[in-house]
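The values are calculated or read from the model by the stated rules, or taken from the named source; none is laboratory data. Just so it is clear, the structure is predicted and the values come from calculations on it, not from any experiment. Positions of Cβ are backbone-derived with ideal geometry, glycine not excepted, and every protein chain shown enters the neighbour counts.
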Amino acid sequence: MPNATNLLITSRGVRAFVDGLISVILPTYLINLGYSGFQVGALVTATLLGSAALTLAVGLRGFRQTPTRLLMWLTGLMALTGIGFATISWFWALFIIGAIGTMNPSSGDVSPFLPLEQSLLPLTTADENRNVVFARYAMVASLIGAIGALAAGLPQFIASRYDIQVQTVDRYVFLLYALGGLFLFLNYQRLQLPAIPIPSRTPLATSRRNVTRLSILFSIDAFGGGFVVQSMLVLWLGRRFDMSIARIGSLLFVTGILSAFSILLAPKVAKRFGLVRTMVFTHIPASIFLMTAAFMPNAPLAIMFLILRSLVSSMDVPARTSYVMAIVPANERAAAASVTNVPRSLAASLPPLATGAMLDHSNFGWPLLIAGTLKITYDLLLLFQFRSVRPPEEG
């Protein structure tokens, strides 16, 4: 029987590939259908709001089912979401499908799959290895997501090579997303864990205070990140510098690869400086690089600062997840993961709407400046409030 850790990491990789692919293709697909930047932002907002509601429901109301069973149900919804986007082009129908489905327009994971997988991962390893396991999990997501973003140039190549409308080829990409749901169903069926803690019927009974405080802080970070979710960053690069999808996909591939390998350094940094300091002191430089990119007068300089950002922007991801899982009891992990991940979609849901409206009127990088300012604010507040709340391995 395959190792449970490897099965969960493989599942994360599959989702990262289709999410990376879709997040790049989605905005241009909608633009090619005749929709405005504001409408693209509205649909991205719908997908993020829907993911937030579903993630919260899974965490707080899903205690009647085991996490593995919930994961298998979600794969069915994922398949239906892909089929819907592949077969329907009416905006309001896509809006509804985005709101109730699992589509992810972000380079990160904002789906209800994430908290369930995060709650299961600590069961597969000892506390002293937890940071390493979460680093592998995040590294695979970043690496495979980068490959998905790079593959986003293939539909355009195929369309031009065989004289087919690019929208037609893009529809098959959404069917590939649906097939990803089928693969995940088969993968989750093979999971065998030693013991799955029975979720508390009173979610967050002992960890409510810390989880609530973290959720508020994560919502500030996510709100800032919502201005530069990958789909909207693709739209900004295209309008600001007239970059093609193939070129943008190549850039996102490079940044994703660099992010993936930088993640491997996170456990070593955390072992020396602690999880909270690792989160803060790698995140602040990333925000400064993002804000600097907004002022660049040409594509090469903007690309340089986006690449510099990628070197440190994801090192906080495994540290953050490991930290949350470490400071709550095992039977409250699913609820804690859901409540702290909901801001990644709920607080990030409205900014894409604002970004789309901004880009309809100006191609300057206002969204990048707003995002960087909010993220630095989050970092400073996190350090101030949680520097003395330590996980078990830090004593």
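Data for the structure
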| quantity | calculated |
| --- | --- |
| Residues of segment 113-140 satisfying the condition of being free of Cβ contacts under 8 Å to residues at least 40 places away in the same chain, in a helix (DSSP H, G or I) and among the aliphatic types (A, V, I, L, M) | none |
| Which listed residue, of Phe289, Phe223, Phe218, is in contact with a Lys or Arg (Cβ under 6 Å, 6 or more places away or on another chain), assigned to a helix (DSSP H, G or I), closer than 30 Å to Ser388 by Cβ and of a type in the set (Phe, Trp, Tyr) | Phe289 |
| Matching residues in segment 218-229 - criterion: being under 20 Å from Met291 (Cβ atoms) and either in contact with an Asp or Glu (Cβ under 9 Å, 6 or more places away or on another chain) or among the small types (Gly, Ala, Ser) (or both) | Asp221, Ala222, Gly224, Gly225, Gly226 |
| Lone qualifier among Leu182, Leu237, Leu265, Leu214 - being surrounded by fewer than 17 Cβ atoms within 10 Å (Cβ to Cβ) and modelled with pLDDT of 90 or more | Leu182 |
| Some residue of segment 314-327 being more than 20 Å from the chain's Cα centre (by Cα) and under 29 Å from Leu56 (Cα atoms) | yes |
| Residue match in segment 134-147 (condition: within 23 Å of the chain's Cα centre (by Cα) and over 26 Å from Met325 (Cβ atoms)) | yes |
| Any hit, segment 12-31, residues being among the basic types (Lys, Arg) and out of contact with any Ser or Thr (no Cβ under 9 Å at 6 or more places or on another chain) | yes |
| Verdict on Thr377 being among the hydroxyl-bearing types (Ser, Thr, Tyr), surrounded by fewer than 23 Cβ atoms within 10 Å (Cβ to Cβ) and either out of contact with any Cys (no Cβ under 9 Å at 6 or more places or on another chain) or part of a helix (DSSP H, G or I) (or both) | yes |
| Qualifying positions in segment 255-305 - of a type in the set (Val, Ile, Thr) and under 27 Å from Phe223 (Cβ atoms) | Thr255, Ile263, Val269, Val276, Thr278, Val280, Thr282, Ile284, Ile288, Thr292, Ile303 |
| Filtered residues of segment 351-372 (kept if out of contact with any helix residue (DSSP H, G or I) (no Cβ under 6 Å at 6 or more places or on another chain) and not in a helix (DSSP H, G or I)) | Ser362, Phe364 |
| Filter pass, Phe174 being touching a Phe, Trp or Tyr at 6+ places or on another chain (Cβ under 7 Å), at pLDDT 90 or above, of a type in the set (A, V, I, L, M, F, W, C) and in a helix (DSSP H, G or I) | yes |
